[in-house]
Amino acid sequence: MHESASPGWLLVALCAATGAYCLLRLRSSVEEQRRAAGGEALMGFGMAAMAVPAAAFTPPAWVWSAYAVVFGAAGLRALWAARSGRHHLHHLVGATAMVYMAVVMAGSPAHAHGHGHGASGTPLLTGALLLYFTGYVLLTGVRLIPVVTVAGGGPGAPPVPVPAGGAGTGGRAAAGWGDRPELARACRLSMAIGMLAMLLPL
């Protein structure tokens, strides 16, 4: 039992750490970072709570209804925000996945908690979400590689964007932890990997 719970706790730690970093991004001086960070923090902490192994805690059935309401509202907000930026559609898909998992877990609360063991979702929808998040992980991973290289200061590398009024030596050092684009991208990548881990057992 201890061995089977270990991956669940690793997933909890990953999602909670991601949510905590997203809270840090709320202090960013870059408006777009702040706009996305709140929803991503909610997603990270929501995934962390959902991934807690059933051996440690089994929530009451009403919790899954609350999940569905909260992330349904987050999905509607992302749909509204998508008018000004297509990247909000990713938040919409993430919120939809959370609502879907909450509905599945509500149908079998005694078995589903702890990333879906024993749950029975809709194969078509589960497959579509798995396909989306697999593609997102691969694409984001590829995009992240050159950003990490740039952050290392390779020859001919364009400068990392910094907030207005925050330029330091060379225009790089002053970028705060909440303003680093490669960290924000790695944060989204971590959540997508976590989402894959939670969807696979459905």
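The values are calculated or read from the model by the stated rules, or taken from the named source; none is laboratory data. Just so you know, these numbers come straight off a predicted model, no measurement behind them. We place every Cβ from the backbone using ideal geometry, glycine too, and count neighbours over all the protein chains shown. The area values use the complete protein model at the heavy-atom level, side chains included, leaving out ligands, DNA and RNA. Shrake-Rupley method; radii C 1.70, N 1.55, O 1.52, S 1.80 Å.
Laid out as a table, the results:
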{"quantity": "Å² per residue, accessible surface of the range 1-111 at 1.4 Å", "calculated": "52"}
{"quantity": "Sorted peptide list for 120-130, 35-45, criterion being average Cβ within 10 angstrom, highest first", "calculated": "35-45, 120-130"}
